[in-house]
Amino acid sequence: MKAFHLRVNGERKSVTVDPSTPLLWVLREELHMTGTKYGCGIGACGACAVHLGGLATRSCLVPVSLIGDRDVVTIEAMSHDAVGRIVQNAWVDKDVVQCGYCQSGQIMSVVALLKSNRAPSDTNIEESLGGNLCRCGTYVRIREAVKSAATKLA
Amino acid sequence: MFLADADGLAAWQKIYSVLTSPRCINCHTATNYPQQGDDRHRHFANVIRGPQDKGVVALNCATCHQSTNADSTGVPGAHGWHLAPLSMKWQDLNDRPLPSSEVCRSVKSQLDGPHLLKHHEGEALVLWSWSPGRRPDGTMRTLPPMTHPEFVEATRQWLKAGRPCP
């Protein structure tokens, strides 16, 4: 066990865990931030996406020992983020969610995309979200919501 | 054929055997995606090359690959994880390694001697090939067919012989 000092959503957090513990479990089990979801545990579904040092990252794959001084941003911070808020509103407007389990990961990936590209093409959207799976099949509505958010950001 | 040429060609064949080993060729692909595993299957999770060979936004190489191996999760890592550019592909579109002669000419056209030696001696992703970490099942990834010092020595010998190609 070892102590780690993280900055999560702008706040200092300290945890004492095994260094090999994935960030996902630090968030969910130690910090009780359950908005980030466990889907597959092997980086294949994207449900656990967070932003690490500004990059969309699969939190199930990153041991806490490799985080260093990089900022961690999770879905819990999106309502206070200019782009995140617009994306969340677009999600509501387009009624994207069915079961909702994958959606925090979807939104984290979309926010990363729109912060880099304010006018993504269909190809951009498909490529950037290609690693975020939705077993309810809401992909069409996700794309509509991304385009709607992009329009508002333009 | 001069002896020096024979030695140089033998050294090249050693280099070629490393370049076309899975640890190297999986990221020296001819496709718009990386490969993984000793069977060189397509990288899972719809990972694609992207405009700068580092994936695309929200699905960058760094979305999973950190600056060092993550043995607890089985994800390999090294500083600056990325695909080699298409100009340095070592395979054809059918996933077969390019012939030795073709790779040799490609290497010669891409890097001069000093840069090639520097790349083979110290590039983080080259060095990673000899410290590739554990697979998700906990077993060690296989290594290239010779040690890193032997690989560097073969590179030196090839350069010394004038970079002959088959």
Mean separation of Cα contacts under 8 Å (6+ apart) over length of chain B, as relative contact order %: 32
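Only helical DSSP H runs with n ≥ 4 go in: add -39500 (n - 2.57) per run for chain B, normalise by residue count and round the 222 nm mean residue ellipticity to 500 deg cm²/dmol. Each step should come with its number before you reach the end.
Values: 6 runs with 60 residues, N = 166.
Calculated at 222 nm, the ellipticity per residue is -10500 deg cm²/dmol.
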Shielding by other protein chains, A:41-52, mean Cβ within 10 Å: 3
In Hz, Karplus ³J(HN,Hα) per residue of region A:143-151 (6.51, -1.76, 1.60; θ = phi - 60°; x = Gly, Pro): 5, 4, 5, 4, 5, 4, 5, 4, 4
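Quick check on region A:38-83: what does the Kirkwood estimate of hydrodynamic radius come out to from the alpha carbon pairs, in Å?
Numbers: mean 1/r = 0.0889 Å⁻¹.
One over the average 1/r among Cα pairs gives 11.2 Å for region A:38-83.
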Cα principal axis extents for chain B, largest first, Å: 52, 29, 26
Cα centroid separation - region A:37-107 against region A:1-17, whole Å: 18
Options B:Ala11, B:Ala124, B:Asn46, ranked by Cα towards positive dipole end of the protein assembly as shown, top entry (Cβ charges): B:Asn46
Only Lys, Arg (+1) and Asp, Glu (-1) charged, at Cβ; region B:10-116 dipole about Cα centre in debye: 160
CD proxy at 222 nm, helix term only [per DSSP H run n ≥ 4: -39500 (n - 2.57); per residue of chain A; nearest 500]: -9500 deg cm²/dmol
Alpha-carbon centroid distance for the pair region B:11-27 / region B:33-63, whole angstrom: 20
Peptide B:48-59, shielding by other chains (average Cβ, 10 Å cutoff): 6
Quotient of Cα Rg and 2.2 N^0.38 Å for region A:2-76, N being how many residues it contains: 0.96
Rotationally averaged projected area of chain A (alpha carbon convex hull; nm²): 8.2
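For chain A, what is the relative contact order in percent, using Cα pairs closer than 8 Å and at least 6 residues apart in sequence? Can you show the working numbers first?
Values: 263 pairs, mean separation 35.4, N = 154.
Here the relative contact order equals 23 percent.
Counting other beta carbons within 10 Å of each Cβ, put A:Phe4, B:Phe44, B:Phe151 in order, fewest first.
On the way: A:Phe4 18, B:Phe44 13, B:Phe151 22.
Placing the least packed residue first, the sequence is B:Phe44, A:Phe4, B:Phe151.
Could you work out, residue by residue across B:75-82, how many beta carbons of other chains sit within 10 Å of that residue's beta carbon, and then give the average as an integer? Write out the running numbers ahead of the final one.
Details: counts 8, 0, 3, 0, 0, 0, 0, 0.
Shielding by partners across B:75-82 averages 1.
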Least to most buried among A:Leu61, A:Leu52 (fewest other Cβ within 10 Å first): A:Leu52, A:Leu61
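Dipole of region A:19-154, Cα-centred, from +1 at each Lys and Arg C-beta and -1 at each Asp and Glu C-beta, to the nearest 20 debye? Intermediate values should be presented prior to the final figure.
On the way: 13 positive and 12 negative charges, 50 e Å.
Dipole magnitude for region A:19-154 comes out near 240 debye.
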With Cα atoms, 0 to 90° folded angle of helix B:100-110 axis to chain B main axis: 80
Surface/4 estimate of mean projected area, convex hull on alpha-carbon atoms of the protein assembly as shown, nm²: 17.6
Cα centre as origin, Lys/Arg/Asp/Glu Cβ charges: region A:78-153 dipole, Debye: 120
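Read the figures in this text as sums done on the coordinates, not as results from a lab. The shown structure was predicted, so the numbers you read here are calculated from the model rather than taken from an experiment. Virtual Cβ from ideal backbone geometry, glycine too; neighbours counted across all protein chains shown.
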